[in-house]
Amino acid sequence: EPSYTIYASDIIPNDQYFDQLWGMQDIQAPLAWETEQGSDEIIVGVIDSGIDYYHEDLVENMWTNDEELNGVEGADDDGNGYIDDIYGYDFYHDDGDPYDYDGCGHSTHVSGTIAAAGNNNVGVVGVSWHTKVAALKFLEFNGSNCTGDGANAVEAVLYAAMMGMDLTNNSWGGGGYLQSLKDAIEYSNILFVAAAGNDWWDN
């Protein structure tokens, strides 16, 4: 029989701006998508500035707390100590609305990189087309930058663990060393993915 040439084929999604996502090419995402496009059983807690949970590329991949979604508004339906935490929680304002309001937008961008729906003819595509993202907000726009309190970051890490999330994404840095944050990360016993913190330096 002929010894046919065998080659790897890439999946190129039909998302409108895919050709502008040079990072996806850098990590050879199209080749990986031949094998796996992500699972909706994986939940990433995005500890950041909240998420635009109505965004057309994220709406179908938003994690929801179904007991709160189908519960009574203003009540702690699941008994976890947080009221109306449907898409996550806003630890900055201490309420159940972790929306990424205008001025920051950082977390919506990050969430799109993680899990924007793929091959839906809309916008961009994330690394994992089906993974769920939860909005764990502790940063807020202060007029020039998005800032937050370390204690709220600690609470967000603990919340992610309590709600059974598989990992957290933490694209932030600065401040001093926090033993409480280290303790929370170790206690949570889930993968904590952090930004390089290289401040534009090539390390």
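The values are calculated or read from the model by the stated rules, or taken from the named source; none is laboratory data. Since the structure is predicted, the reported quantities are computational estimates derived from the model, not experimental observations. No Cβ is skipped: glycine too gets one built from the backbone with ideal geometry, and neighbour counts run over all protein chains shown. These accessible areas exclude ligands, DNA and RNA; they are computed on the full protein's heavy atoms, side chains included. Shrake-Rupley method; radii C 1.70, N 1.55, O 1.52, S 1.80 Å.
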Quiz item: Ignoring ligands, DNA and RNA, what percent of the accessible area of segment 144-203 is carbon or sulfur (1.4 Å)?
Solution: 53
Exercise. Report, in deg cm²/dmol and to the nearest 500, the calculated mean residue ellipticity at 222 nm for the chain, where each DSSP H run with n ≥ 4 adds -39500 (n - 2.57) and the sum is divided by the residue count.
Key: -6000 deg cm²/dmol
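Just to confirm the filter: which GluC sites (Glu not before Pro) across segment 1-80 are DSSP coil and have at most 15 other Cβ within 10 angstrom of their Cβ?
Filter output for segment 1-80: Glu34, Glu36, Glu41, Glu56, Glu73.
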Practice problem: Based on a Kirkwood Rh over C-alpha pairs, give the Stokes-Einstein translational diffusion coefficient of segment 62-189 at 37 °C and viscosity 0.692 mPa s in µm²/s. | Solution: 210
Self-check item: Solvent-accessible heavy-atom area per residue, rounded to whole Å², over the chain at 1.4 Å
Solution: 57
Quiz prompt | Net +/- balance of residues flanking Asn121 in space, Cβ distance below 13 Å, scoring K and R +1, D and E -1 | solution = -3
Quiz item: Just in segment 1-97: which chymotrypsin sites (Phe, Trp or Tyr not before Pro) are loop by DSSP and have at most 10 other Cβ atoms within 10 Å?
Solution: Tyr4, Tyr7, Tyr54
Quiz item: Carbon-plus-sulfur fraction of the accessible area of segment 12-126, 1.4 Å probe, in percent?
Solution: 47
